[in-house]
């Protein structure tokens, strides 16, 4: 069953803002994309309250960091 906020875009189910941003990176349409890492993507923040503000978008879709396995968390934050 789809989440109430889920959207369908070009045949793909988009259920959250982060998933939409990752799809934009994969499609080459995210203007804020900086680089791809083993476990995620680095993007510039949409709003630059502080110049150079960046965000990390994990390739593993979880709603909370503690839902990641310990091994994945360690591997992600070592990089």
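The values are calculated or read from the model by the stated rules, or taken from the named source; none is laboratory data. This one's a predicted model, so the numbers in the text were calculated from it and none came from an experiment. Cβ coordinates were reconstructed from backbone atoms using ideal geometry, including for glycine residues, and neighbour counts include every protein chain displayed.
Scanning segment 33-76 for residues being out of contact with any helix residue (DSSP H, G or I) (no Cβ under 8 Å at 6 or more places or on another chain) and in a loop (DSSP other than H, G, I, E, B) gives a total of 14.
Return yes when residue 37 is in contact with a strand residue (DSSP E or B) (Cβ under 9 Å, 6 or more places away or on another chain) and modelled with pLDDT under 85 and no when it is not. No: the conditions fail for residue 37.
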